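Report on the following structure.
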Amino acid sequence: MTDTSLSIILEAIMFTSGRSMSTDELSKIVGETSEEVNTALSELKARIKRRQDSALQLTEVSGRWIFEVRPSLSPHLPESFRPDTPQRLLPAAALIAYHQPMAQSQLVEMLGQRAYDHVRELANLGLIDRRRDGLTRRLTTTRRFAEYFGCPEVDYRAVRSWFRSEATKAGLTSAQLAASLAPDEQMSISEFVEEDNDFNPTLSED
């Protein structure tokens, strides 16, 4: 390590990468322990927050860190400047938003085995939170998700209500909404009928 502080080096790495990065990944790059990297990231986050004229903020989502534009500046950015989300991920994103908090196993029932990869990619983009809850994963949307899709609310419950309202206006079920976003018009999505809005972990390992 050079005389340059670890937090400054991490700032340069993440800013240059343009994507979310885990503590373990950063630890391997800089050759420091995960504990040292976590401490440096916390210091960096606090320092950036104190910068009154900074356009960026450092955010941690599901164990991954990413630089993003402050929410107050989003309205000033051209829509074409938004980070692109692959279209193949949109059906999974819509289903999670509609049914959250959603067990990953439920998403697999609707989309099939490809759901596992889609959840991983959405989490890496910082769009969803996937937390262990017993023997399954609990999927919810993030503030970054709400900003990206133009939802006026941030809390996942409010995002769920907004998505359901939009689907109802279009006369679509959640599966139909997801299918309409699929890159393949013939994509088959199973309908999921939930009993209530409370998350009930399944007994299968995801």
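Taking S5, is it within 20 Å of R131 (Cβ to Cβ) and at pLDDT 85 or above?
Numbers: within 20 Å of R131 (Cβ to Cβ): no; at pLDDT 85 or above: yes.
The answer is no for S5.
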- Task: Filter region 38-96 down to the residues that are at pLDDT below 80 and among the acidic types (D, E), then identify the one that is surrounded by the most Cβ atoms within 10 Å (Cβ to Cβ).
- Result: E68
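The values are calculated or read from the model by the stated rules, or taken from the named source; none is laboratory data. Remember, it's a predicted structure, so these values are computed and weren't measured experimentally. As a convention, Cβ positions derive from the backbone with ideal geometry for all residues, glycine included, and neighbour counts pool all protein chains shown.
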